[in-house]
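In what follows, a structure is listed as structure tokens, so that the remarks can point back to it.
The values are calculated or read from the model by the stated rules, or taken from the named source; none is laboratory data. These numbers come from a predicted model, not from an experiment. Glycine gets a Cβ as well: all are built from the backbone with ideal geometry, and neighbour counts include every protein chain shown. Side chains included, ligands, DNA and RNA excluded: accessible areas come from the protein's heavy atoms. Shrake-Rupley method; radii C 1.70, N 1.55, O 1.52, S 1.80 Å.
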Amino acid sequence: MLSLENVSRTFGGFRALQGVSFEVKQGELLGLIGPNGSGKTTLFNCVSGALRPSAGSIRFRGEEVGGLTPDRICHRGIARTFQIPRPFKKLSVLENVALAAHFGHMTREPDAAARARARDVLRLVGLPSDEAARPGLLGAAGLKKLELARALATGPALLLADETLGGLDLEEMRQAAGLLRRIRDEMGITIVWVEHIMATLMRVVDRVVVLDHGEKIAEGMPREVAEDPRVIEAYLGEKLVLG
Amino acid sequence: MKRLLALVGVALLALVPWLPLGPARLYILHVLVLVLIWAFVGTAWALMGRFGLVSLGHGAFLGLGAYTTTLLWNFLGVSPWIGTPLAAGLAVLLALVLGYPCFRFRVVGHYFALVTLALGEVIRLLIIAERDWTGGSLGLTLKDAGAFNLAAIQFADKRIFYLVALAVWLVGLWVWWWVDRSMTRSALEAIGEDETAAASVGIPVTGFKLRITLLSAGLTAVGGVLYAQYVTYINPGTLAGIGVSLQIVFAVVLGGMYTLLGPTVGTALTIALAEYLRVAFGVRFLGMADTIYGLALVLIIIFLPAGLYGGLRELVLRRAAPPRAAT
């Protein structure tokens, strides 16, 4: 569904991504992990159009999307969340999601239909859908859910979820991970999930790609990857024990 | 109910010129016409301003509009009925030339404000430089077409101009309201807050910013035309450049740019204040009006960031509806 070929991105002399290649298959829940600064978010930015890749090709459903503007990429069916939630604070929670439902597709949905769908999505992630709910009243977990809801409302085929667990407690993490699974299982949305906390992610995903210093250092089943010496080294010797 | 109130309000406003206003009737009418014209321009500015697109160069569009129709009329005898769409078109074109690169390359916030500031000055200097036909800094007088000439939009009777200005002002309010009630408002609000996030949910950021800028520029040019037709004298100092551009911004900030009537209230207050101070002090305290005006502005920005009208409206609404407990 998504294939990256030799994708690179430099910032001046700094190479944030160097020749990264991998495939995401239809219906897959792929984990993208790596230490801080390994290029995960840069990769997301390139795929979602927030950044233009310096080199390489990004193909989505067979078509090149590298270098398109973010709104066009969204219309093609790729949605993303942000690591640090970026809600529109002046709008209500419902309006935040309704905007995404209205503008997220190739053809714009009428207001009423967009609102109805926004309500459905809010119910799915477990957020209030009344007009009075404001983003300012949501806590960390709520804001993460709002990020997900906004991305889902655009009706994506591929969801790029950036650190959905950051800042959450254990119980919230378990819920969020379960939600991602349900999104994949029930809505059939392919997911690439970035996280730098590995433990929870490794239990949920089908396959893992590991980045370090902008390069792909490993790819495979969670169990194999956790044993990979290069991965262990990248995480400063912290070996992951899977239960 | 609201609609009825608005209708009654408009009807009352339309009747003002026929009220017994006493010996100062003409003067009062004159001030009211100016208020309506500048309120329209302020409303057009606020279309952009309320979404964080702060233009400090709207004088460029104003001047372009005024000079286009006046020059066409004076030199080629083209009626302002034809000149006005041309003027608006030129302003839209200018806004496109300015806006597209700015928005495409993410010139935002203070940088955008600075670019527009330069634009206002460029137009002012251009008008001065082309003195052979624009009259330079001495300005230009609209060629007289008689006391009542519909084709030339010239009326000696202030009551007619009052009605024209009232109609144009209402159109401005209608445009503001129309933008406000559409999905466009939410989209622009989102863009104003966070362009990256807005683009990520599929909002075409550049397109939206460009459209609202073109709309605002076109309307502002119409305001310039109206001013020129009413005063029948234009010069680059009053219609282009930093001075008038900032005057528009200050009036709107004073009244409040987030509400329908904010720009109007702000404009009415600044004009009333300037007129009052001018009459009260005459030439004794030159600059007194500006000082009081500046002071008022500073106080309002600190204590009523939503503007005088916007802030008071908020207070009244909050008084009317008891605060909901935060959940």
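Observations
- Rounded to whole Å, the principal axis extents of the Cα atoms in segment A:88-172 read 39, 31, 20, largest first.
- At least 30 Å along the helix axis (C-alpha) and Kyte average at least -1.0, DSSP helices within chain B: B:25-49, B:80-104, B:158-180, B:205-231
- Given A:Lys40/A:Lys89; A:Lys25/A:Lys145; A:Lys216/B:Lys209; A:Lys40/A:Lys90; A:Lys144/B:Lys209, the pairs whose alpha carbons are separated by over 32 Å: A:Lys216/B:Lys209
- Residue order for A:Met221, A:Met202 - accessible surface, 1.4 angstrom probe, largest first: A:Met221, A:Met202
- Estimated D of segment B:25-241 in µm² per second, where Rh is the Kirkwood radius over Cα pairs and Stokes-Einstein applies at 25 °C, 0.890 mPa s: 138 µm²/s
- Peptide A:105-115 - average C-beta neighbours from other chains (10 Å radius): 1
- Accessible area buried at the B-A interface, both sides summed, 1.4 Å probe (Å², nearest 100): 2100 Å²
- Among A:Ile73, B:Ile82, B:Ile292, the sequence by solvent-accessible area, most first, with a 1.4 Å probe is B:Ile82, B:Ile292, A:Ile73.
- Shielding by other protein chains, B:123-134, mean Cβ within 10 Å: 0
- Relative contact order of chain B, pairs being alpha-carbon contacts under 8 Å that are 6 or more residues apart, as %: 29 percent
- Gyration tensor (alpha-carbon) shape descriptor, segment B:17-144, a/c threshold 1.5: oblate
- Centre-to-centre, using Cα atoms only, segment A:124-178 and segment B:41-113 are separated by 42 Å.
- Cβ-Cβ distance of B:Phe75 and B:Val97, R₀ of 25 Å, FRET efficiency by 1/(1 + (r/R0)^6): the value works out to about 0.55.
- Volume of the Cα convex hull of the protein assembly as shown, divided per residue and given in Å³: 190 Å³
- Peptide B:168-176 - average C-beta neighbours from other chains (10 Å radius): 0
- Estimated dipole of segment B:25-241 in Debye, rounded to 20 [Cβ of Lys and Arg +1, of Asp and Glu -1, Cα centre]: 220 debye
- Using a probe of 1.4 Å, the accessible surface attributed to A:Lys90 totals some 110 Å² when neighbouring protein chains are kept in position.
- Of all accessible heavy-atom area on chain B, the percent that carbon and sulfur account for (1.4 Å): 73 percent
- Solvent exposure of segment B:25-241 as accessible area per residue, Å², 1.4 Å probe: 39 Å²
- B:Thr69 accessible area, 1.4 Å probe, all protein chains in place, Å² to nearest 10: 0 Å²
- With DNA, RNA and ligands ignored, accessible area of B:Val122 (1.4 Å probe; Å², nearest 10): 80 Å²
- Order of exposure, largest accessible area first, which applies to B:Thr141, B:Thr196 with probe 1.4 Å: B:Thr141, B:Thr196
- Residues of segment B:211-255 falling in the label zone of B:Ala296, defined by backbone nitrogen less than 11 Å from a point 7 Å along Cα to beta-carbon, are B:251, B:254-255.
- Normalising the average separation of contacting C-alpha pairs (under 8 angstrom, six or more residues apart) by the number of residues puts the relative contact order of segment A:39-87 at 33 percent.
- Accessible surface area normalised per residue over segment A:98-243 is 44 Å², counting heavy atoms of protein chains with a 1.4 Å rolling probe.
- Label-reachable residues, segment A:1-45, where backbone N falls under 14 Å from a point 7 Å from A:Glu219's Cα toward its Cβ: A:1-8, A:18-26, A:30-33
- Once the mean of 1/r is taken over each pair of separate Cα atoms and inverted, chain A shows a Kirkwood hydrodynamic radius of 18.2 Å.
- The local environment of B:Gly99, defined by Cβ-Cβ distances under 12 Å, has a net charge of +3 under the rule Lys, Arg +1 and Asp, Glu -1.
- If R0 equals 30 Å, the separation of the Cβ atoms of B:Ala274 and B:His110 corresponds to a calculated FRET efficiency of about 0.60.
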